[in-house]
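This report refers to the structure that appears directly beneath it.
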Amino acid sequence: MAVAHASVWETIAREAAGESGLWADALRPAGEREEEPVFSPLAEERYALGLETIYEGYLLHYGTPRLFAPADGDTALLLGDYLYAHGLVRVAEAGTVEAVADLAALISRCAQLQADGLPGDGEAWAATASTLGEGSDARAAWSAAGSEVERALAAHRSRVG
């Protein structure tokens, strides 16, 4: 699994750097990147690249990113938006329109939680990743039990206070 995730990080870094010199400048040196999957292990493997791309964008907006260290808040915001969009494209290529809709709703919900200073974003990420492409009924029935969910939530809390 570590080998598959290594290619996720390499792909995110390479494609962002190829898209913009600004993104290339924001990349941490290879030895300083924290290649830790957070929510993708809860989802089908085909969604790993898209999920981690979107989550890295989320971390640029609200937490401590794993791959990037932008020089300022404006760059972090723009890079985060780029990664949201690019991640949604990757999910669309790997999955269904329903999966894209699930993630768009997640981004919106978590932005609202952050704006209101409310908890629950980690649980929303875990529920969405675990039921990606299955719709809101599956998320409503989802349970936060399990060691992999606990690991993901702990990793999330360490990055998004």
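In the stretch 65-94, the residues that are aromatic (Phe, Trp, Tyr) form Cβ pairs under 9 Å with partners that are open to solvent by less than 60 Å² (accessible area, probe 1.4 Å) and not in a helix (DSSP H, G or I), at six or more places apart or across chains, as follows: Phe68/Leu27; Phe68/Arg28; Tyr82/Ser20. Within the stretch 141-150, the residues that satisfy the criterion of being modelled with pLDDT of 85 or more and open to solvent by less than 80 Å² (accessible area, probe 1.4 Å) are Gly146, Glu148, Val149.
The values are calculated or read from the model by the stated rules, or taken from the named source; none is laboratory data. Nothing here was measured: the structure is a model prediction, and the numbers come from that model. Neighbour counts run over all protein chains shown; Cβ positions are idealised from the backbone, glycine included. Protein only, heavy atoms only, side chains kept; ligands, DNA and RNA dropped before computing areas. Shrake-Rupley method; radii C 1.70, N 1.55, O 1.52, S 1.80 Å.
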